[in-house]
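Contents: one structure, followed by commentary.
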Amino acid sequence: MRRTIAAAVVAMATAFTVLPAQSASAADEVTVPTEAVPQIATDKQADRALAAVTELVEGGPAPQSTPEPGVESAPETSLESVPETDAEPPAAEEAPDLTLAMRDLYLALPRLSGAEREHAEALLARPTDGAADRQGNGYAVPAKKKCGTAICVHYVTSTADAPPSKGWVNYTLRQMTKVWKHEVKRMGYRKPLSDRALGRSRNGGNSKFDVYLKDLGSRGLYGYCAAEAGLRGKKYQGRAISYCVLDNDFARAQFGTAPKPTLKATAAHEFFHAVQFSYDYTEDPWFMESTATWMEERVFDSVNDNRQYLNSSQVRAPWVPLDTFSRSASFQYGNWAFWEYLSSRYGTKIVRNVWSGAAPRGKRNTFAIAALKQQLRRRGGFAKVYRSYAAANAFPARAYREGRRWPAPTLSGSLRLSKSKRTQAGTLTLNHLAAQHVRVRPAKSLRGKSWKLRIKVDGPSRKTSPAVVVTVQLRSGKLVRKSIRLNRKGKGQIKVSFSGRKVRSVTATAVNASTRFDCYRPDAPADPRFSCAGIARDDQQVFALKFGVVKR
């Protein structure tokens, strides 16, 4: 699910701190989860899941969350501002997500009982349950449907849930059919599980995939997909039957954009959640949302609705961990840029391969980062690829096909060195799967060919996967990248050209590529959440950097 208003990133998490210079079949049995899976391991988590959906659907009390330190607060910096970027990105806005909230509620069902269980089941009900939905979220009048080869669109002809015309119903069906063909047939993803086993009274009248049109815009929602039942058997492990609900008209008055492109982007995004449920409905939420937002670009490239989230990507907020999922910000949407980076270099199949690798098999349930590491082994390894991605984000116009239309990168520091001011030192503190950039420019006094910039690093130990990538931007426009070789203690240095005649700038990108987690921890924060419902082992890693101008 995506919010009408694009969420933006928050203030810089850790600036460059300056230091002194010296320093399925019909016979298949339908079931709900029989025991709590790792994501919903406690009664408190189950209560939180119920509260989240209640708040989004009914406007009830929202669950309280505590921001992760370093994500939504920042120390000030005394460094000069950078001309081509904002000193601070704008503040984040709320970005509620109903699809993942509904998923969590489905997972929480085994831990709920009595009135809470009834409440949860009503929230998970299809709109056609109508009066049976005691929460009042179903259709108030009988529904009709229009079916294609694989999809049925359900709608009503009166009340606020009615679409503007029969033509809009037909248009929705055409776009959903186009999405199905692109994602399933052309890109080779699994199709959503058939709901035939639910029976005609519960599955929309046939085994085709069901999409319901309903007035969601009044609640600030585009649409959502809901997991509603699993099937027993090894081949169905981790997979769930699902349905989708889309806004009934995507009215400009509610969404601020033209209805047709808004429908297209939402259809591509939400249907991919149904596809995801056919792989593993328990997957990491950052992975589910970032790849669904990436899919919008694959199906409807010209719409570009997902650009609104790039202010929350690691281009603009490189200090926020890649695997962040937060109900108070939109990082999980903005980081579709990561999959864009990978797919542009290794082909779009890499995302499908990660989903296949993350699907449960027997007792093994690989979370997204682990599956991604498997895919990148023969491409130099995850740490190498991630540091290259992090460094590329300092120059998005050069790194991405449409990057010239993307927002400018955010720098943690901007320095200018000269004959009279030859050294500058400082520190950066990085959490896992995050980076920060410091850009250094030569003053006019450094015109000679023999001037060099020496960069010394005193970083964390090698086991935490630290890296520093140096990008020399020549005045010709060419970019030259080199990685500083760090020893086991995280120390290293490099010298690069710094002649003002040839060099426009030198950017040092410090990277924490750690993928070490204590997984499925009941004491992990509720918001934000990270990989495998766990706690990262290598946060708050300090990089001390010293820049010095020297002659050859």
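Of note:
- Placed amide H near S313: partners under 5 Å, 5+ positions off or other chain: none
- For L417, the residues 5 or more places off, or on other chains, whose built amide H falls under 5 Å of its own are R441, A443.
- Karplus-derived 3J(HN,Hα) values for the range 231-238, using 6.51 cos²θ - 1.76 cosθ + 1.60 with θ = phi - 60°, are 10, 6, x, 4, 6, 9, 4, x Hz; glycine and proline are entered as x.
- Cβ-Cβ FRET estimate between K421 and R174, R0 fixed at 56 Å, reported to 0.05: 0.30
- Amide proton proximity set for S505, modelled H, under 5 Å, gap of 5+: Q473
- Centroid-to-centroid, using Cα positions, the range 508-552 and the range 381-414 are 18 Å apart.
- Rounded if a/c under 1.5, otherwise prolate or oblate - the range 360-436, Cα gyration tensor axes: prolate
- Across K181/K373; K419/K456; K421/K502; K419/K489; K146/K234, pairs whose alpha-carbon gap is larger than 26 Å: K181/K373; K419/K489; K146/K234
- Table column - 3J(HN,Hα) (Hz), the range 145-153, Karplus curve with 6.51, -1.76, 1.60, x for Gly and Pro: 8, 10, 10, x, 5, 10, 10, 10, 9
- Vicinal HN-Hα couplings computed from phi for the range 482-489 (Karplus, 6.51 cos²θ - 1.76 cosθ + 1.60; Hz; Gly/Pro x): 9, 9, 7, 6, 9, 7, 4, 8
- A 1.4 Å probe run over the protein chains yields, for the range 329-372, 31 Å² of accessible area per residue, whole-number rounding.
The values are calculated or read from the model by the stated rules, or taken from the named source; none is laboratory data. None of the values given here were measured: they were computed from a predicted structure. Neighbour counts are summed over all protein chains in view; Cβ atoms, including those assigned to glycine, are modelled from backbone coordinates with ideal geometry. These accessible areas exclude ligands, DNA and RNA; they are computed on the full protein's heavy atoms, side chains included. Shrake-Rupley method; radii C 1.70, N 1.55, O 1.52, S 1.80 Å.
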